[in-house]
Amino acid sequence: MRTRSVLREDHLLFKEQVDRFVATEILPHINDWEAEGITPRALWRKAGDSGLLNCDLPPPYGQGGDFGHAAVVIEALARANCLGIGFSIHSDMVAPYLWNFGTQVQKDRWLPRMATGELIGAIALTEPGAGSDLKAVRTRARRKSESEGGGYVLNGQKTFITNGVNAGLMVVLASTEPDLGARGLSLFVVEEGMKGLGKGPALRKIGQHSQDTCELFFDELHLPADHLLGRENAAFEHVTQELAQERLAIALRAAASTEGMLDEAAEFVRNRKVFGRRVLDYQNTRFKFADALAKTTMLRVFLDDCLARHMEGSLDSVTAAMAKLNATELQGQVLDELLQLHGGYGYMAEYGIGRAWADARALRIFGGSSEILREIIGKRF
């Protein structure tokens with residue numbers, strides 16, 4: 001891989017630490033977790049102890065680094081073919097909502113426990129009938145009168161919630177002023193154990209099996225007023241503000257996954273023979289690897305520029321959309337070609353390329369589907 005000027009010496013030292021953690025604490029067990037459909041909570045505690053959670057927040061809310069340290073964790077997991085480990089949702093999507101929009105009391109209450117892995121975070125935006133279209137959200141948060149004691153009553157359902165089974169804290173999007181559509185949405189923090197919160201069983205998916213994903217149900221769930229996150233009716237603005245980092249994180253996952261599988265597939269075609277020749281000796285194979293290397297190298301230069309901009313605070317939402325679109329689409333194309341080069345073995349569960357191929361498919365959907373991203377980018381014209 002090319003030298004990456006965006007990473008400082010402290011990032012590279014941290015990378016060694018993270019790579020050791022992945023090699024010792026995750027890779028020996030990942031197949032078991034894939035079969036069980038969940039990552040054990042004990043791993044989150046170990047990750048917190050090793051400084052892998054909330055990397056870019058100051059102590060005691062995080063590890064005191066910047067988003068470069070977060071990127072190291074994102075990429076290490078993806079390059080090792082562990083897309084099902086949900087640290088990034090927790091650290092790079094949930095924690096920033098609390099940090100950027102929470103009160104000091106809310107930060108002190110929840111973020112230190114997220115940094116240690118004691119409290120696992122999930123974000124609940126998507127509903128059975130509402131994905132990218134926020135104005136279609138049907139979950140309601142009714143404001144209670146003073147005579148009722150104040151606060152809110154939450155009713156509704158969320159689906160496809162990553163980390164949902166394990167989650168002890170959920171940032172939930174709900175409508176507080178239905179007549180205002182997307183401009184009448186608010187964010188709330190729901191904690192595990194609250195009366196009225198229900199969790200469905202882990203959903204069966206075609207990939208990312210070790211990542212627990214479930215539905216959430218809210219039935220007359222009473223929330224104190226201090227569980228409102230940010231300003232009432234300002235969730236559309238809050239969510240939009242966080243999308244650049246979310247999409248960059250997904251783009252980094254996609255790129256690192258592609259790079260990791262390219263290296264692994266190269267080793268396979270060097271050793272696999274067909275008709276007495278190594279698969280790598282066929283011009284068709286070399287051309288496919290040449291195309292993949294050329295495209296992933298160009299993508300990496302672009303993503304490192306996006307990462308540098310984000311660390312400076314200047315990454316705009318449209319460029320982040322370009323990053324996710326390019327990275328996830330290229331990931332799908334390259335992994336499909338690499339699986340084909342494995343022949344029948346590519347379809348066998350014991351080969352990493354099959355898991356990577358299936359795991360990658362979701363990245364073109366969540367965080368804004370490729371079609372939504374094209375709409376966003378196309379508005380520049």
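The values are calculated or read from the model by the stated rules, or taken from the named source; none is laboratory data. As the structure is a prediction and not an experimental result, all values here were calculated from the model. Please note: Cβ atoms are built from the backbone with ideal geometry, for glycine as well, and neighbour counts cover all protein chains shown. Quick note on the areas: whole protein, heavy atoms, side chains included, nothing else; ligands and nucleic acids left out. Shrake-Rupley method; radii C 1.70, N 1.55, O 1.52, S 1.80 Å.
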Inset, instruction - Report, largest value first, the span of the C-alpha coordinates of the range 147-295 along each principal axis, in whole Å. - result: 83, 31, 22
Inset, instruction - Starting with the highest mean, order 28-37, 89-98 by the number of other Cβ atoms within 10 Å, averaged over the residues of each peptide. - result: 89-98, 28-37
Legend entry - C-alpha long axis of helix 317-341 to longest principal axis of the chain, angle in °: 40
Inset, instruction - Give, in whole angstrom and from largest to smallest, the semi-axes √(5λ) of the equivalent ellipsoid of the range 236-379, with λ running over the eigenvalues of the Cα gyration tensor. - result: 33, 15, 11
Inset, instruction - Just round it to a whole percent: the fraction of Cα-Cα distances in the range 104-158 exceeding 16 Å. - result: 64
Inset, instruction - Please report the Cα spread of the range 30-102 along all three principal axes, rounded to whole Å, starting with the longest. - result: 37, 22, 21
Legend entry - Dipole moment magnitude, nearest 20 debye, the chain about Cα centre, only Lys, Arg, Asp, Glu C-beta charged: 820
Inset, instruction - Calculate how steeply helix 67-79 sits against the longest principal axis of the alpha-carbon atoms of the chain, using the helix alpha-carbon long axis, and give the answer as 0 to 90 degrees to the nearest 10. - result: 50
Inset, instruction - Assign unit charges at the C-beta atoms only (+1 for Lys and Arg, -1 for Asp and Glu), then state the dipole size of the range 9-116 relative to its Cα centre in Debye, rounded to the nearest 20. - result: 380
Legend entry - Histogram of C-alpha separations across the range 245-314, 5 Å bin width, %: 3, 15, 21, 17, 13, 10, 8, 6, 4, 2, 1
Inset, instruction - Would you mind getting the Kirkwood hydrodynamic radius of the range 284-327 from its Cα pairs, rounded to one decimal in Å? - result: 11.4
Legend entry - Once the Cα gyration tensor of the range 87-235 is diagonalised, semi-axes √(5λ) in Å: 23, 19, 14
Inset, instruction - Could you tell me what % of all Cα pairs in the range 1-158 have separations over 27 Å? - result: 36
Inset, instruction - On the full set of protein chains, 1.4 Å probe, figure out the accessible area of residue 50 and give it in Å² to the nearest 10. - result: 40
Legend entry - Flagged links, alpha-carbon separation over 27 Å, of 15/273; 288/379; 15/46; 107/324; 205/324: 15/273; 288/379; 107/324
Inset, instruction - Might you tell me the accessible area per residue for the range 41-199, computed with a 1.4 Å probe and given in Å²? - result: 35
Legend entry - Dipole of the range 87-236, positive direction: furthest Cα of 187, 201, 103, with charges on the beta-carbon: 201
Inset, instruction - Express in whole angstrom the spacing between the alpha-carbon centres of the range 345-362 and the range 97-135. - result: 31
Inset, instruction - Counting other Cβ atoms within 10 Å, keep those with at most 15, restrict to DSSP loop, and tell me which chymotrypsin sites (Phe, Trp or Tyr not before Pro) in the range 272-335 are left. - result: 275, 282
Legend entry - Convex hull per residue volume in Å³, alpha carbons only, for the chain: 136
Legend entry - Burial order of peptide ranges 119-126, 180-187 (average beta-carbon count within 10 Å, highest first): 119-126, 180-187
